[in-house]
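These notes are about the structure you will find just below.
The values are calculated or read from the model by the stated rules, or taken from the named source; none is laboratory data. This is a predicted model, so every value here is computed, not measured. Here the Cβ is made from the backbone with ideal geometry for all residues, glycine too, and neighbour counts use every protein chain on show.
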Amino acid sequence: MCSSVKNIAVASCFVLALAGCSGSEHEDLREFTKNAHADRKPRIEPLPEVKPQEVFAYNPAQLTDPFAPQNIRPARAKVGAGGGEVRPDMNRRKEPLEEFPLDALKMVGTLARGKQTWAVIQAPDGTVHRSKVGDHIGQNFGMVTKITDEKIDLIELVQGPSGDWIEREANLALTE
């Protein structure tokens, strides 16, 4: 019997608590929240104007076929001064700076005497070399073509996908 009295007491406390919350003391707050934004409409920006696209008539009959065999083959190598295709001289004795990749070399300055100019180049092993126009540097048969105070211009010979040799311009900029 004691437990039923407890249950009745807990239930009556719960009912009284609910009755206390339903009072009209917060009615003004409920009314404000209901009417605060009643007259406001959300502002939606209009969609941007769609501009009509220009009509393009594609006529493939007058255009080159990109998949024709003559367009798939790689471009031929540049012709050298002797009239033949460009290729490196494999019998030439390698110069000291050809042992390092070009991106590992640092141009640290220039030297000049009369009309002769040399580039001062530091190798990754810490040694310092000088190079003039016509010297070879880098691992791609690079030949120095021009030396300025800011950079060294060179032409490298690289093998293309079909095995032919292609000339490629490169440079080595002065390191600050």
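Answer with yes or no whether Ala17 is over 30 Å from Phe141 (Cβ atoms), aliphatic (A, V, I, L, M), at pLDDT 75 or above and not in a loop (DSSP other than H, G, I, E, B). Step through it out loud before you land on a result.
Values: over 30 Å from Phe141 (Cβ atoms): yes; aliphatic (A, V, I, L, M): yes; at pLDDT 75 or above: no; not in a loop (DSSP other than H, G, I, E, B): yes.
No: the conditions fail for Ala17.
If you go through the range 140-152 one residue at a time, do you hit one that is over 31 Å from the mean Cα position of the chain (by Cα), in a strand (DSSP E or B) and surrounded by 14 or more Cβ atoms within 10 Å (Cβ to Cβ)?
No, the conditions are met nowhere in the range 140-152.
Of all residues in the range 93-137, which are surrounded by fewer than 12 Cβ atoms within 10 Å (Cβ to Cβ) and hydroxyl-bearing (Ser, Thr, Tyr)?
Thr127
Would you mind finding the one in Glu85, Glu176, Glu95 that is of a type in the set (D, E, K, R) and at pLDDT 90 or above?
On the way: Glu85 fails: at pLDDT 90 or above; Glu176 fails: at pLDDT 90 or above.
Answer to the selection: Glu95.
Among the basic types (Lys, Arg) and assigned to a strand (DSSP E or B): which single residue out of Arg87, Arg130, Arg93 fits that description?
Just a single option satisfies the conditions, and that option is Arg130.
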